[in-house]
Structures are given as C-alpha cells and as structure tokens.
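What follows is one structure encoded as structure tokens, with my remarks underneath.
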Amino acid sequence: MPTLTITNIRRPGSEKSETLTVENGLIKGWNIKPEGEIIDGNGATLVPAFIEPHAHLREPGQEQKEDLASGLAAAAAGGYGTVVSMPNTSPVVDDPAIVRALIEKAGRLGFARLRPAAALTRGQNGEQLAELSLLAGAGAAVFTDDGRTNENARTLRLGLEYAHSLGLVVSVHAEDAGLRAGGVMNEGAVSEALGLPGNPAAAEAARVARDLEICAMTGGRLHIQHLSTARALDLVRGAKARGVNVTCEVCPHHLLLTDEALRSFDAVYKVAPPLRTQADTEYLLAGLVDGSVDCLATDHAPHTRAEKERDLLEAPSGIAYIEIAFPLLWTHFGKGLGLQKLVELLTVDVARVLGWPAPELEVGQAADFTLLDLDTVRPVQPETFKSKAKFNPWTGQELRGWPVLTVVGGAVAFRRA
Ligand code: DOR
C-alpha cells in the first residue's frame, strides 16, 4: 500500500499546523519528513474516521434501494470509516455464509470498512435464536432484529444471555408492536389534526422499560437504537443509575425534525420510530450534552423514490442521509456540543458501545481518519450523493462543515472534489 502524507492539518482545539504520514495501513508518524503521495490538508481538522453503528445497506436482495458499493461509498463521503450494517435484508443476515460474503465483498471495494450486524433470531422471526456462535465466528459485530421489534421477551432474554457469553451486544428497535399498531407518525395533536394513525410515545417507553428489566435480569449488554422520546431516555437514565448494562443512541433526524413536518404529508418524513415533539428533541439533545445518550447513529435507511412517493399510509419508513450527518450536526449543534464532544459521539463513544478499542490517531494505529473543513458552507445536493437515495428532508439547505477526505486503512476512501 503506498505511503501517504497529509500536510497542513490541525487537530481539534489546536492551531498548530501538522503533518501526518501513513504507511502499510498504519500511522507512521506525526510531523516527520513527508514521503509518498502528498495531499495538502489546507488547514482542515483531522479526526478519527467516524463509526456508524446503525445503517441499512440493503445487500443482499434490495439493491434497488442501496448496495454495499453505494452505501459504503456514501459512508466514506460522510466521513465514516466503519459501518455496522443492519440485517433486515432479503434474505435476512442470519447465516454465517452471508456474513462472510458481505465482509469479503466490502473488503474488495475500498470504501468504509464493514462490520455486519447479524439477526438475533432466524429470519428475524422473533422466536428462535439464530446460530449466534457461528455468526460471531463469521464476523458478526452485533446481534439485532432492527427493522422489526422483539415481541417475545423470553427469546430476547436468551439472546442477551447467549450474546453476552460471546462478548457481543444485542441492539434493539424498542417499540411495542401492539401499541404502535398501524401508527404512521407520532401520536399527538398533529396526528389528530391530520387524521393520521398515531404511534404513541408509550410504545417506545413501554418496550424500553421491559427490555431494561430483561437486561438487568440477564446481565447482558443491551443497546437501544434510535431513542426518540424523553420518557424512554428517563427510563434508560434510571436503569444506568442502577448499574444496568445498557447504552443508547440518538439519530440526528430525531434532534432536528418534529411531527410538525408531517403536515406536508410527505413520506420523506416517515421514519420508525417516528419524529416526535419539540420537547422530545430538546430533551434528547440535553441527554447528548450530559452524557446520558451514549452515541450518535444515522439509521441511514434508503428506499427508492417511487416507494417514498407513495402516500403516508403505504410508504416505507426511513430517512437516508449518511453523507450529510456531520454537516447537519456541526451546523445545528456545533456550538452547543463543541467539536470535541461531537467527534467523540461519532467515534470513541460508538466504539465503547460496541465493545471495540477506542480509535486513536497514534503511531502504529490503523490509519482511519477524516479531514473536516469546518468553515465552508455548501448546499445539500442529493443528486451528487454516492447513495442511491438521492432525496432527504434537507435538500438545498446550506450546511457548514464538510468531510473533505476520508482515509481507511491508509488508503483514500473519499476525497471531495
Ligand atoms: O425508519 C426505519 N427504517 N426504521 C427502522 O427501524 C427500519 C428502517 C428500514 O429498514 O427502512
């Protein structure tokens, strides 16, 4: 692998101009004599490459929505060096051969690294556990039935126990299916005004409460995905205070958008769990600041334009925006969170949640890093996206702070033109 030197870069919080050299996929040295290919960093800020704990890359079987090449290229363009892909594909990722095939294919592509999640239950049927030990042996990074809810409490109990014995986390999409029923948006004043079936905050809170009890009982490692309500965050906070082995993530769309957006009747805003109230968004943001929310995730969930142009009752749930997650976060919350904290929530905090070593930009460590231009303002232009989903709620919005270079394993995975 060629040697690469990035000159004229800064580390967060420092004004000093530095140089980083990488060789054979590893960091060779800071501020040593430049060698190999030289890239001028133009004063941009160097951070560890982001880690995405929750993205839908749709392979195998749903390549009309996304595939490994488009999804991992999109991730690299968003500054992500590693992605945990969700197993709700067709077929479901519940077979070690699929896990191995995904890892092998992603390795050949040269974009972000792939660490696939495998299904907790066979075919994500929620009843019988998948072959967790074989899946872990094949390289599954996490177990989850995300996209579906885990209705059978006993199966979740067994899954948490078994995964824990393998040293892996179980991630859950925490919504009570009975309470959610056919809800297509948050249940509240807006759903009533629009006459649309609502999905109450209690659907999330009730399921989170149940899962926290199961986690406490098993001593397993539970991660709650895309937390969307203040009430559920309170429950997680209380459980953590009691020593329950739980972590949780929040997605930028649950911080930036509310159920008011559904007044447009545009299914681009349809997501599960749904966009909630202003009070929820503020509460979740405060949870990020005070550390009760462990990390950020995008839940990048691409669908075809034709699917998302259906009416709200019929369209599938999901928003896809991995390429603009950092610009959205930096533009809207940069001041409140600060660069250091924001980068932690996208890097070391994700690694901690998943039980991985903390990424560090030290000599001898993997050369996975991202260069951020924190000042330039650009419009969101989905037509330029690597992702197949070329639409999202922020099209045309002017955002500040863009990844300009992503290096994965010492090789350039993305460079902004
Ligand atoms: O909005 C969502 N879309 N939420 C999920 O949990 C699944 C995802 C998908 O697969 O499209």
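Assorted remarks:
- For Q397, the residues whose modelled amide H falls within less than 5 Å of its own, excluding neighbours fewer than 5 places apart on the same chain, are V380.
- Whole-number accessible area per residue in Å² for the chain, which is evaluated in the context of all protein chains at 1.4 Å: 37
- Element breakdown for the range 240-351 at a 1.4 angstrom probe: carbon and sulfur atoms account for 51% of the accessible area.
- Comparing N88, A44, Q128 along the charge dipole axis of the chain, the residue lying farthest to the positive side is A44, per the Cβ-charge model.
- 3J(HN,Hα) along the range 200-216, derived from phi through the Karplus expression 6.51 cos²θ - 1.76 cosθ + 1.60 where θ = phi - 60°, amounts to x, 4, 5, 4, 6, 4, 5, 6, 4, 4, 4, 5, 5, 5, 5, 4, 4 Hz, with x in place of Gly and Pro.
- ³J(HN,Hα), Karplus 6.51/-1.76/1.60, whole Hz, each residue of the range 294-309, x for Gly, Pro: 7, 7, 9, 8, 9, 6, 3, 10, x, 9, 6, 4, 4, 5, 7, 8
- Within the chain, DSSP assigns beta bridges of which about 50% are antiparallel (rounded to the nearest 5).
- With the simple model of a label 7 Å out from the Cα in the direction of the Cβ, N24 to K341 spans 4.1 nm.
- Length gained on full extension, R242 to R352: 37.7 nm, using 0.36 nm per residue less the C-alpha separation.
- The range 64-159: radius of gyration and largest Cα-Cα distance (Dmax), Å: 13.6, 41
- Counting only protein heavy atoms and a probe of 1.4 Å, the accessible surface of the range 3-42 is 46% carbon and sulfur.
- Residues whose amide H comes within less than 5 Å of that of A174, counting only those at least five positions distant or on another chain, are Q225 (H built at 1.01 Å from N in the peptide plane).
- Interchain or long-range residues, amide H under 5 Å from T376's placed H: G401, W402
- With contacts taken as Cα pairs under 8 Å at a separation of at least 6 residues, the range 15-166 carries a relative contact order of 17 percent.
- Backbone HN-Hα couplings from phi across the range 23-32 [Karplus 6.51/-1.76/1.60, Hz, Gly and Pro as x]: 8, 6, x, 10, 6, 8, x, 9, 6, 9
- The relative contact order of the chain, computed from alpha carbon pairs under 8 Å that lie at least 6 residues apart in sequence, is 20 percent.
- Net charge, V93 excluded, C-beta distance under 15 Å - Lys, Arg +1, Asp, Glu -1: -4
- S133-A216 pseudo-label distance in nm [points 7 Å out on the Cα-to-Cβ vector]: 3.1
- Cβ-derived FRET efficiency at R0 35 Å, A286 paired with K16, nearest 0.05: 0.55
- Among G126, G238, G195: highest mean-square fluctuation, GNM of the chain, C-alpha pairs under 10 Å: G195
- For the range 34-157, size of Cβ-based charge dipole, Lys and Arg +1, Asp and Glu -1, in debye: 320
The values are calculated or read from the model by the stated rules, or taken from the named source; none is laboratory data. Just so we're clear, the structure is a prediction, and the values are computed from it rather than from any experiment. When we count neighbours, we look across all protein chains shown, and the Cβ atoms used for this are built from the backbone with ideal geometry, even at glycine. The accessibility values were calculated without ligands, DNA or RNA, using every heavy atom of the protein model including side chains. Shrake-Rupley method; radii C 1.70, N 1.55, O 1.52, S 1.80 Å.
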